[in-house]
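**Q** Quick one: this structure, given as structure tokens, is what I'll be asking you about.
None of the figures in this text is laboratory data; all of them are computed from the coordinates on show. Values in this document were obtained by computation on a predicted structure and should not be read as measured data. Note that each Cβ is placed from the backbone with ideal geometry, even for glycine, and that neighbours are counted across all protein chains shown.
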Amino acid sequence: MNRDPLRVLNLEADPEDHELVRRQAGSTGLNLKFERAANRAEFEAALKRGNFDLVLADHCVPGYDGMASLESALLRLPGIPYIIVSDSIGEDRAAECLRHGASDFVHKDRLERLPAAILQATKAQVAPHHNLEAEDMFRQMAENIRDVFWVCASETGKVLYVSPAYEGIWGQTPDKLFSAKGTWPEAGLDEDLDALSEARIKLAKATAFEVEYRIRRPDASVRWIHDRGFPVADKAGGPVRMVGVASDITERKRLESDLLQAQKMELVGKLAGGIAHDFNNLLTIISGYVSMLLDKEGLPPASLEALKRVFTASRQATGLVRQLLLFSRKRTPKREVIDLNTEVEVMSGMLRRLLGETIAVDFEPALDSLRVSADIGMMEQVLMNLAVNARDAMPKGGRLSIKVGMQARGSRPQQGIQVKSGDYAFISMRDTGCGIPASILPRIFEPFFTTKDEGRGTGLGLATAKDIVRRHDGWIDVESEPGAGTVFRIFLPLTRAEVASRHDADPGREHKIGKGTILLVEDEANVREFAAAVLQQDGYALLQAKSAEAAIEVWKWHSARIDLLLTDVVLPGELSGPQLGEKLQGEKPGLKLILTTGYSRDTLAPQTKGGKVIFVLSKPYTPRSLLQAVHEVLT
């Protein structure tokens, strides 16, 4: 496309020299329209606007390196002639500029050469010489794509150009980059210095590189950057500069972290599923026999105290298995509408007994009744896990303050996770302990991460708490400062439903003397012997089998007098406990059924094919819970 007049951009600090250059160029006979840029800012702004046909540039404008102006012009106005007009550049430097893409060099003492140089450089100007559409396309791409395009001198690392996206990602203007000390890649966090140093070495050697590093923005937020650099050669094939693209991959890193967390949870789930059944069988034997001994009178005080310690340890082991099962997602929340003030006050009393006399526990309810839909047992687990961490942070004693309240409208989770809109209540737990160092704060919810001494922590407490709250459509935030304590806040969505009434059974009820015949099916001999001893001691008649096939043989001879089938879920052979129950109830519809399991009760369907409700007794069970279950089913 022919253009008339030819637009000339003249980089010249001295207005008199500019006038001399303009007059001398006019002798070419071409219709020239000049625009003067007196400094770097004006020159860069003019380049950004574009639509020039020729660039005349002094090589020594104050505060602006001549090579940098050349690189910027070549990048912004590709294909446009660039003639150096200067009296302070040597031949070697001029030759270097010509190698880098300058069209010609005219010394100011010999301006009579300028018309010829312009005519030579603009020969193609009278014919289509410049694809304006391509130029506009590049400018639009550089200014609108969210990635940062950059250009550097290969030998020095000096930044020649960065696209506007830099300001959005780095959160600052690129002024420092263009200073004498500015280099690419920019400084990152200390942990990434080795990777950045290696990238700079490759840049200096004009070698392609790829690096990921973190930057800290002026607002203290951290962003992940994926940076790629590529060498650009001159006409002779030698490297003259490096170009590259820097992308913000913070969101990708967050998703990768979430995926890694999910994979960890899956591994924990497989571990839990593998050990829960056998481990709970052992705990049933330990806690069961210890419970029977504790019921005996006349035990020596020393023996009684030892048995109590064994029983307490077995209950703690039961809690550990429960946490593993929570991780394995084999238990879903059994929600009910509760008043948060009421339930947390009850839990606070439990925590006072758990933490001991050296730690004071305060409770502050909300002014209004706050109702949420929650699994009370799971919420107890969350508060207990947080309280145990608080206790470990206060080895010499301290204070744990528990508060229930309403979330301030508009506040959002610290982690930036997506939550449902609506009103939320919170439970805060503030301790006066040693606090959590900022360096490890982002990792405290990771499975198996712990700072406690070996043998003192599993690294599952906080991870379990976070998972439970997430499954209640809420989240946990934490604030901590070394030496000033820690506060955890649990946020749960409010509900307008009414609180359900609960009629708890009296735990002190005396069991009646057992009547009836029970077919006990359990493959673990020690568990079977324990359960048989408890039931026979209470007056029940017992028939025993260690597999479904053996139970069917017993059934053939004694089905008429069997009132209850008490069977483990997992049995050796072809039939499981539920399948055995379905088969025998098909022959005798009035047969009662109790399933026992070392897994979570939620892994079982609540009904058989016939629509009958299944009673499930979780292991480890105690003599009292076993007798209570049997009595409830048979009456």
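**Q** Could you tell me which of the pairs Lys205/Lys253; Lys253/Lys403; Lys108/Lys202; Lys108/Lys158; Lys515/Lys556; Lys296/Lys466 are separated by over 32 angstrom between their Cα atoms in the structure shown?
**A** Too far apart for the 32 Å limit: Lys253/Lys403; Lys108/Lys202; Lys296/Lys466.
**Q** Next question. Please give the contour-minus-distance gain from Asp258 to Ala525: 0.36 nm per residue of separation, less the Cα-Cα distance, rounded to one decimal in nm.
**A** Fully extending the segment from Asp258 to Ala525 adds 91.8 nm.
**Q** Which whole-number percentage describes the relative contact order of segment 529-590, with Cα contacts under 8 Å and a sequence gap of 6 or more?
**A** 26 percent
**Q** Averaging the inverse of every distinct alpha carbon separation and then flipping it gives the Kirkwood radius. What is it for segment 143-214, in angstrom units?
**A** Hydrodynamic radius (Kirkwood, Cα pairs) of segment 143-214 is 12.8 Å.
**Q** Starting with the highest mean, order 357-363, 38-44 by the number of other Cβ atoms within 10 Å, averaged over the residues of each peptide.
**A** Packing order, densest peptide first, comes out as 38-44, 357-363.
**Q** Using θ = phi - 60° and the Karplus relation 6.51 cos²θ - 1.76 cosθ + 1.60, list the HN-Hα couplings for segment 624-635 in order, rounded to whole Hz, with x at every Gly or Pro.
**A** So the Karplus estimates, Gly and Pro as x, are 5, 5, 5, 5, 5, 5, 5, 5, 5, 6, 7, 10 Hz.
**Q** Give the cross-link partners of Lys546 among the aspartates and glutamates, using a straight C-alpha distance below 17 Å as the criterion and excluding same-chain residues fewer than 8 apart.
**A** Qualifying aspartates and glutamates at Cα under 17 Å: Asp278, Glu522, Asp523, Glu524, Glu529, Asp568, Glu574.
**Q** In nm, give the distance between the simple-model label positions of Glu357 and Gln120, each being 7 Å from the Cα along the Cα-to-Cβ direction.
**A** Between Glu357 and Gln120, the simple spin-label model gives 10.1 nm.
**Q** For the pair Lys588/Glu35, report the inter-label distance in nm, with labels modelled 7 Å from Cα in the Cβ direction.
**A** 10.0 nm
**Q** If contacts are Cα pairs under 8 angstrom and at least 6 residues apart, what is the relative contact order of segment 181-252 in percent?
**A** Relative CO of segment 181-252 lands at 23 percent.
**Q** Once you keep just the Cα pairs under 8 angstrom separated by 6 or more residues, what percentage relative contact order results for segment 1-127?
**A** 27 percent
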